[in-house]
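The values are calculated or read from the model by the stated rules, or taken from the named source; none is laboratory data. The structure displayed is predicted, hence computed values, not measured ones. Cβ: placed from backbone, ideal geometry, glycine included. Neighbour counts: every protein chain shown.
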């Protein structure tokens, strides 16, 4: 039975990414930005369509943590795409000793395709008697516990600080800033923590991966890190203009279209600017379920998991934010579910690595730390289509969506979409008041059938929409057995 046309009401904080026209305060100015259907930012009205979270495809292990200085307790991975080179950083920890002790080190690997990884033979540190290894930080407890690097994309950044990192803990005084020219040889930017533990009144801060990046949209550095708030693992956000001086942290909240959503224990947040739409920050976070035991003692013994690490479970969830102190929890369900087999249902496994990166013309990859606290610990890869975190979907019976009024710049409308052989998408353009614009009606629209990342939409008169640029319009998508992942106006 078809549902009535409902207005999807969305309440958002006024942030640098929520841009309204100066002349039309109720009209979104999206310019030529790519907009993903990961939230309700563009959506005004829907009929028989809904938001769908897509589960990544398991592509299998890509790196076994089997070196003597790595081991079962490798975690807190970061993947950086640096031009044609992929860089991987992760904590090496062979035994379950106290967090932040001298038994931890930061390891490094490289790849040309994001799939096949190699460890360079470095001689920066002698670790456990091994002079040649892939360790880039050691003998600096507690800093290797959660060393989290970033590629600094700030315009004008000096060559010797092209890479930056934050590392530290509450018991170590706070987060220390590092810089590097090559991503391998690191130096402290100053001895004193740049985000000290005294900066906010939260318990047990920084004991997780503390992630930072340069925000092109907000023109400042952002850091998202974990705290304990009323004994629940929560996330805070802090800002900086220079990576040294940081603002007082603000506790992040969780909403869906302005409505508060349940607070869950998030062990890591992995918030970063999405590389194809940097004004949208995506978070592939680790959801932790303390005390939710799946395995029996016998099952745990059979996979040789450390006895302290099988009485909890965890998975990966997906959230977004466009700035400010709110994560949009469009989806409460898991993004990456634990796999088949006992080894996937132990504590602190399935934790996603920081950053989603492109690994093919139409593909991007998410990595997870798998088989934690087990001899088979490894890094695992999952794939999605570009922009394919989620989509707006219509079933075979059909449906439609109408956008909020918006202003764009460009000559053509591109969509990332897929349909069945029987399905299709048509796009109508209306004025701000909902009146169809001649030449861009539904009857004149060419049906879009197929599966493409950047299909140009057309009408009987062609695909040029430049006559409408800078004017408030609405887009009406009429869909059948189809998904739309993203849209963008281009030249």
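Within the group 407, 340, which residue is outside the structural domain of residue 298 (by TED's automatic domain parsing) and either modelled with pLDDT of 95 or more or over 30 Å from residue 99 (Cα atoms) (or both)?
407
So, residue 286, is that one more than 27 Å from residue 189 (Cβ to Cβ) and in a strand (DSSP E or B) or not?
Numbers: more than 27 Å from residue 189 (Cβ to Cβ): yes; in a strand (DSSP E or B): yes.
In short, yes.
Across the range 193-248, what is the total count of residues that are assigned to a loop (DSSP other than H, G, I, E, B) and touching a strand residue (DSSP E or B) at 6+ places or on another chain (Cβ under 6 Å)?
Going residue by residue through the range 193-248, those that are assigned to a loop (DSSP other than H, G, I, E, B) are 193-194, 200-202, 204-210, 216-219, 230-231, 241-245, 247-248.
From what's left, touching a strand residue (DSSP E or B) at 6+ places or on another chain (Cβ under 6 Å): 193-194, 202, 204-210, 216-217, 241, 243, 247.
So the count comes out to 15.
Does the range 436-443 include one or more residues that are free of Cβ contacts under 8 Å to residues at least 24 places away in the same chain, more than 31 Å from the chain's Cα centre (by Cα) and outside any loop (DSSP other than H, G, I, E, B)?
yes
Any idea how many residues of the range 139-167 are within 26 Å of residue 246 (Cβ to Cβ) and in a loop (DSSP other than H, G, I, E, B)?
The total comes to 13.
Do the conditions hold for residue 222, that is, is it free of Cβ contacts under 8 Å to residues at least 60 places away in the same chain and either crowded, with 21+ Cβ neighbours inside 10 Å or under 23 Å from residue 287 (Cβ atoms) (or both)?
Working: free of Cβ contacts under 8 Å to residues at least 60 places away in the same chain: yes; either crowded, with 21+ Cβ neighbours inside 10 Å or under 23 Å from residue 287 (Cβ atoms) (or both): yes.
So residue 222 fits the description; yes.
Looking at 187, 192, 112 in this structure, which one is under 22 Å from residue 67 (Cβ atoms) and surrounded by fewer than 16 Cβ atoms within 10 Å (Cβ to Cβ)?
Details: 187 fails: under 22 Å from residue 67 (Cβ atoms); 192 fails: under 22 Å from residue 67 (Cβ atoms).
112 is the lone residue from the list that is under 22 Å from residue 67 (Cβ atoms) and surrounded by fewer than 16 Cβ atoms within 10 Å (Cβ to Cβ).
Listed residues 213, 310, 288; which is in contact (Cβ under 8 Å) with a residue 60 or more places away in the chain, over 22 Å from residue 326 (Cβ atoms), in the same structural domain as residue 190 (by TED's automatic domain parsing) and buried (at least 16 other Cβ atoms within 10 Å of the Cβ)? Walk me through it before giving the result.
On the way: 213 fails: over 22 Å from residue 326 (Cβ atoms); 288 fails: over 22 Å from residue 326 (Cβ atoms).
When all the criteria are applied, what remains is 310.
Which condition from (1) closer than 15 Å to residue 326 by Cβ; (2) assigned to a loop (DSSP other than H, G, I, E, B) is the one that residue 280 breaks?
Among (1) closer than 15 Å to residue 326 by Cβ; (2) assigned to a loop (DSSP other than H, G, I, E, B), the lone unmet condition for residue 280 is (2).
For the range 158-172, check the following and say yes or no: at least one residue is at pLDDT 95 or above, surrounded by 21 or more Cβ atoms within 10 Å (Cβ to Cβ) and within 15 Å of residue 237 (Cα to Cα).
The answer is yes, given that some residue of the range 158-172 is at pLDDT 95 or above, surrounded by 21 or more Cβ atoms within 10 Å (Cβ to Cβ) and within 15 Å of residue 237 (Cα to Cα).
Pull up the range 367-408, narrow it to residues that are more than 27 Å from the chain's Cα centre (by Cα) and outside any strand (DSSP E or B), then point me to the one that is surrounded by the most Cβ atoms within 10 Å (Cβ to Cβ).
Once the filter is applied, the top-ranked residue is 405.
Only residues that are free of Cβ contacts under 8 Å to residues at least 60 places away in the same chain and part of a loop (DSSP other than H, G, I, E, B): list them for the range 94-119, please.
94, 95, 97, 98, 101, 102, 103, 104, 112, 116, 119
Does residue 149 meet the test of being under 23 Å from residue 226 (Cβ atoms), in the same structural domain as residue 343 (by TED's automatic domain parsing) and at pLDDT below 95?
Values: under 23 Å from residue 226 (Cβ atoms): yes; in the same structural domain as residue 343 (by TED's automatic domain parsing): yes; at pLDDT below 95: no.
So residue 149 does not fit the description; no.
Could we say that residue 318 is in the same structural domain as residue 222 (by TED's automatic domain parsing) and part of a strand (DSSP E or B) here? Please lay out each step first, then the result.
Working: in the same structural domain as residue 222 (by TED's automatic domain parsing): yes; part of a strand (DSSP E or B): yes.
So residue 318 fits the description; yes.
Looking only at the range 91-102, how many residues end up being more than 12 Å from residue 72 (Cβ to Cβ), crowded, with 19+ Cβ neighbours inside 10 Å and out of contact with any helix residue (DSSP H, G or I) (no Cβ under 6 Å at 6 or more places or on another chain)?
So the count comes out to 0.
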